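To start, the structure under review is shown below, and the notes come after it.
The values are calculated or read from the model by the stated rules, or taken from the named source; none is laboratory data. Just so it is clear, the model here is predicted, and its values are computed rather than measured. Quick reminder, even Gly has a Cβ in these numbers, built from the backbone with ideal geometry, and neighbours come from all protein chains shown. The area values use the complete protein model at the heavy-atom level, side chains included, leaving out ligands, DNA and RNA. Shrake-Rupley method; radii C 1.70, N 1.55, O 1.52, S 1.80 Å.
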Amino acid sequence: MSHHCPFCGSMEKGVYHNASLCSKNSNLNPCDPCKRLAELDIQIVKVIEEARRLKSEMNYSHDHLIHRLPPEISSDIFQLCISREPSVDARYTQVALSSVCQKWRQIAHTTPQLWTTVFLSVSHHNALSVPRWAQEWIDRSGQLPLSIGLFIKAENNYYSVNPDVIAVINQCSSRWRDLTYEGPSSLLSYFVGESQWASQLQTLKLDIYGSQSAGQFKLGDFKPTPTTLRIKGLDLKSVVIEWNNITHMQARHIPVDNCWELFRIAPRMTHCQLEDVLNIKAPDPFPRPHTPILHPTLQVLELSLTNYSFGPVLNNVSLPSLKSYTSDVGGGYLKTESLISLFLRSSCSLQTLTLLDLGLHVLDLVDLSRATPDLRHLDLKLYDRSGANVTERIFRRFSNAFIITNTDSEANQVLFPQLQSMAFEGAMPLDWTSVPDIFGSPSDVHNLHRRPLRSLKLSLITGQPKDDPVIIDKDTLSRMRSLVAQGIELKIEQKYPRIDVLQQSIEFHAHESALGGESAGSHI
């Protein structure tokens, strides 16, 4: 049987035993092989050191930028590479800039701004090491404000937790600018801050797993004053802050009673996003308002719901400053009556309206138009589950009238008379002539009494096979191209697969004209 020699690597028959070196404590002189091996070890160390020195010189010779710039300029360049948001990319960039060569490492480690973003991801592999890394990075940041993200991974429903890492974070709490925590609620109580608190906290993000009642974010007797708050899986009572200062709010998986309480306790809030409100009764629920809550400053409201009707919340608020509203209800849980009632009750000058996957019909659009006369931008994503050809009916109603008049006839009233842009996603069929009819003839484009619509983007689900392309008829295509020549932005695409229907139609008719044949495509 052949074996590799553990010393020279050659293969010969027999078994080689790893002999030990002569003992340094022996009174006898070492044997000749031991002397030579010791000398060789010294030479190896020198060669490795020489190789390292040559690599440093090579880096200097090959780097025509950083090594030739003043350190402060190099430092400024490095800072442009770092995101303020704690993320894997930010951490990778910090490590990468420190690993190129000695010069780069020296510049990176002496640039405090490079270490103000601290991303900490804890798993069972690194739970013991993360506190040391955290301390090193925070020390390099000097006394600058910090953006810290702590992410604790769940592995087989078990969280690898080392409270020491939160202790390190607490030591610099006076420098928190942005704090993100994602992990079990049981660790919230470990965030206690410093005894001498001088808060710079602007953004607080708490994404919680586990029971909502298992923990509370409370920094002793001090209440931080962030302007931006994101919470997931937390009751409002579990976040002890000064709510008066909140301007931007994002909440997910909160009980419905928390929603109207939010409008009550955050009077300066200008942007609010609510996702997947829970239709559950909290152990100690907030009281339901007897009259609509007047919120004077909210400008942007976004709702994303899959399991609950948001009507009870919208019916209990009044938002006179509302400029933008979005609903993504995933199956029509939100009735348009609640929206219309909100807009009328608030007397708001709504500018942007986005309705995604909402059961909407022509009569709903008429009522919405009356409730939002100042609307500038409309985005509709409608899936026809009733088989009522909703897409075609809506476009026909839009094209009924485009010149604003004083007529009392409902059929001749212009939908959304101040509309400037519209995006629509829906299912075919669609009468192509209704698309240019929305704008009128090219001669009407600059009519001061025309609805000021200048942009229309259509994304259509056609169900057409690949070998039967969707083609706009030649006459209608000509009208559309004339509108584009007048400065109208018109885009029509097939969603699955994504195809530019306008361009496809232009190329199809050009090919047909060249052949002198008749159009063979599907004129839907």
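Kindly establish whether T476 is in contact (Cβ under 8 Å) with a residue 40 or more places away in the chain and under 36 Å from the mean Cα position of the chain (by Cα).
no
Specify the residue that is farthest from G463 (Cα to Cα); the eligible residues are those in region 500-524 that are open to solvent by less than 70 Å² (accessible area, probe 1.4 Å) and at pLDDT 90 or above.
Within region 500-524, the match that is farthest from G463 (Cα to Cα) is A510.
List pairs: first residue in region 34-61 and free of Cβ contacts under 8 Å to residues at least 12 places away in the same chain, second residue of a type outside the set (D, E, K, R) and surrounded by 10 or more Cβ atoms within 10 Å (Cβ to Cβ) anywhere in the structure, Cβ distance under 7 angstrom, at least six positions apart or on different chains.
Qualifying pairs under 7 Å: none.
Of everything in region 291-310 that's at pLDDT below 85 and either open to solvent by 70 Å² or more (accessible area, probe 1.4 Å) or basic (K, R) (or both), which residue is nearest to L375 (Cα to Cα)?
Within region 291-310, the match that is nearest to L375 (Cα to Cα) is T306.
One residue is enough: does region 481-492 have a residue meeting the conditions under 25 Å from K381 (Cα atoms), in contact with a Phe, Trp or Tyr (Cβ under 8 Å, 6 or more places away or on another chain) and open to solvent by 20 Å² or more (accessible area, probe 1.4 Å)?
no
Any residue in region 439-451 that is farther than 20 Å from L378 by Cβ and part of a loop (DSSP other than H, G, I, E, B) sitting within a Cβ distance under 8 Å of a residue that is open to solvent by less than 40 Å² (accessible area, probe 1.4 Å) and not aliphatic (A, V, I, L, M)? List the pairs, counting only those 6 or more apart or interchain.
N447/G440
If I filter region 165-181 down to residues being hydroxyl-bearing (S, T, Y) and not in a strand (DSSP E or B), which single residue comes out as most open to solvent (accessible area, probe 1.4 Å)?
S174
State which residue pairs qualify: first residue under 26 Å from Y181 (Cβ atoms) and modelled with pLDDT of 85 or more and inside region 91-118, second residue assigned to a loop (DSSP other than H, G, I, E, B) and among the basic types (K, R) in any location, beta carbons under 9 Å apart, and separation of 6 or more residues or different chains.
Pairs that qualify, where the first residue is under 26 Å from Y181 (Cβ atoms) and modelled with pLDDT of 85 or more and the partner is assigned to a loop (DSSP other than H, G, I, E, B) and among the basic types (K, R), are T116/R84; T117/R84.
Can you pull out every residue in region 318-337 that is open to solvent by less than 20 Å² (accessible area, probe 1.4 Å), modelled with pLDDT under 90 and not in a loop (DSSP other than H, G, I, E, B)?
If the condition is that a residue be open to solvent by less than 20 Å² (accessible area, probe 1.4 Å), modelled with pLDDT under 90 and not in a loop (DSSP other than H, G, I, E, B), then S327, T336 are the ones that fit.
Which ones in region 122-140 are part of a loop (DSSP other than H, G, I, E, B) and open to solvent by less than 60 Å² (accessible area, probe 1.4 Å)?
Answer for region 122-140, where residues must be part of a loop (DSSP other than H, G, I, E, B) and open to solvent by less than 60 Å² (accessible area, probe 1.4 Å): S123, N126, A127, S129.
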